[in-house]
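Only one structure is covered here, and it is reproduced in the block below.
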Amino acid sequence: QVQLVESGGGLVQAGGSLRLSCAASGRTFSSYAMGWFRQAPGKEREFVAAISWSGGSLYYADSVKGRFTISRDNALNTVYLQMNSLKPEDTAVYYCAYRRTSMPTIRPDGYNYWGQGTQVTVSS
């Protein structure tokens, strides 16, 4: 079993920045990919960003390219999402996800474990 704990969410004004963290613990594989997804009220969960075990493969949703950056520290079993130039439409609950292979996917059904989510609210 793998546990994921997100942190770093909060309330920020449009144009501001936040950094989300997700720490993995438990029986983690020797190499695993990680992803970030988000879900706004009344909408389906959508892909935001993903990163391979090595960090060499990065995927981003078009809506966040150039504003968000995903990174990871494997020594700490932690993945980060740096969010800059935030917009009100970025408001959502953000979830990190763990995939038992080294390469990520943008499909939510490709992930094996999920965190509990952290709220990000961007005011206009």
Handout entry: Given (1) touching a residue at least 24 places away in the same chain (Cβ under 8 Å); (2) of a type outside the set (D, E, K, R); (3) in contact with a Gly (Cβ under 9 Å, 6 or more places away or on another chain), number of the condition residue 60 does not satisfy
Key = (1)
Practice task
Might you check whether a residue that is open to solvent by 50 Å² or more (accessible area, probe 1.4 Å) and under 21 Å from residue 73 (Cβ atoms) occurs anywhere in the range 7-16?
Solution key: yes
Fill in the blank from the handout: Among (1) farther than 20 Å from residue 103 by Cβ; (2) under 15 Å from the mean Cα position of the chain (by Cα); (3) part of a loop (DSSP other than H, G, I, E, B), residue 42 falls short only on (2)
Practice task
With respect to residue 28, determine if the residue is farther than 20 Å from residue 7 by Cα, open to solvent by less than 70 Å² (accessible area, probe 1.4 Å) and β-branched (Val, Ile, Thr).
Solution key: no
Handout entry: Number of the condition not met by residue 3 [criteria: (1) out of contact with any helix residue (DSSP H, G or I) (no Cβ under 8 Å at 6 or more places or on another chain); (2) open to solvent by less than 60 Å² (accessible area, probe 1.4 Å); (3) assigned to a strand (DSSP E or B)]
Key = (2)
Completion exercise
Taking the range 46-65 and keeping residues over 23 Å from residue 25 (Cα atoms) and surrounded by fewer than 20 Cβ atoms within 10 Å (Cβ to Cβ) leaves 46, 59, 60, 61, 62, 63, 65
Exercise for the section: Check residue 31 against each of (1) under 15 Å from residue 97 (Cα atoms); (2) part of a strand (DSSP E or B) and name the one condition it does not meet. Expected result: (2)
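The values are calculated or read from the model by the stated rules, or taken from the named source; none is laboratory data. As the structure is a computational prediction, the values presented were derived from the model and not from experiment. Here Cβ is always computed from backbone atoms with ideal geometry, including for glycine, and neighbour counts include all displayed protein chains. All accessible areas refer to the heavy atoms of the entire protein, side chains included, with ligands and DNA or RNA removed. Shrake-Rupley method; radii C 1.70, N 1.55, O 1.52, S 1.80 Å.
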